[in-house]
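Here's the structure we're looking at; comments come further down.
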Amino acid sequence: MRVLSPLFLASLLSSLLASPVTYADAKMEQVVSRYLAGVAKVLGGTEQKGVRKAALGDLDNDGDKDLVVSFLLEGIGGGNSWGQHIAVFRNDRGTYKGVTDEVVGGKFFRYFNLEGVLNQKIIGITEICPAGEAQGMCSKPALGTVSFTLVKDKIVERK
């Protein structure tokens, strides 16, 4: 039996699951934009334009495709820091509602790339730079995969 490396699996998932940000309608886009603006306001940051990424998949096992959106906030708390977040929007018979969000990467944490939703899990690829180097800026980051699940309306990282 051949064992596949996590990076190969991540690449495979990427080709199958990754999708650009497209919204089913203007109402869905408004729900997402309003929710993300609220997160930015609470954290004192500004959303970086053009980096949102979205994935659809059933996170709560109800048969409806929920929406996961990754986004980046800059200037958090008035400084020069940045953080990568994912937000979950539950699909209740065609109506999407923001449920929760979580920091999944950042300047001195790790770089996160949303790859998709599979089997009630949010899947992503990470890059981690050596200590003290800003994430996304080093020449040889350690690559890995990460998954999150939705547990009682909270995003939980699975090790």
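May I ask you to derive the FRET efficiency for D62 and V156 from their Cβ-Cβ distance with R0 = 22 Å, giving the value to the nearest 0.05? If you can, show how the numbers build up before the last one.
Values: r = 18 Å, r/R0 = 0.83.
The formula returns an efficiency of 0.75 here.
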TODO: Determine the principal axes of the Cα atoms in the stretch 96-151, then give the extent along each, sorted from largest to smallest and rounded to whole angstroms.
DONE: 38, 20, 17
Open item on the list: Expected output is a single nm value to one decimal: the length gained when fully extending between M137 and A26, i.e. 0.36 nm times separation in residues minus the C-alpha distance. What is it?
Closed with: 36.4 nm
- [ ] Name the lysines eligible as straight-distance cross-link partners of K53: C-alpha to C-alpha under 19 Å, and not fewer than 8 places from it in the same chain.
- [x] K27, K65, K97, K107, K121
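Using the beta-carbon distance between T149 and I128 and R0 = 25 Å, what value does 1/(1 + (r/R0)^6) give for FRET efficiency, to the nearest 0.05?
Values: r = 21 Å, r/R0 = 0.85.
Efficiency, rounded to the nearest 0.05: 0.70.
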- [ ] Run through all the Cα pairs of the stretch 43-159 and give the fraction in each 10 Å bin from 0, expressed as whole percent.
- [x] 14, 43, 32, 10, 1
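Values in this text are rule-based calculations from the coordinates and carry no lab data. Just so you know, these numbers come straight off a predicted model, no measurement behind them. Cβ: placed from backbone, ideal geometry, glycine included. Neighbour counts: every protein chain shown.
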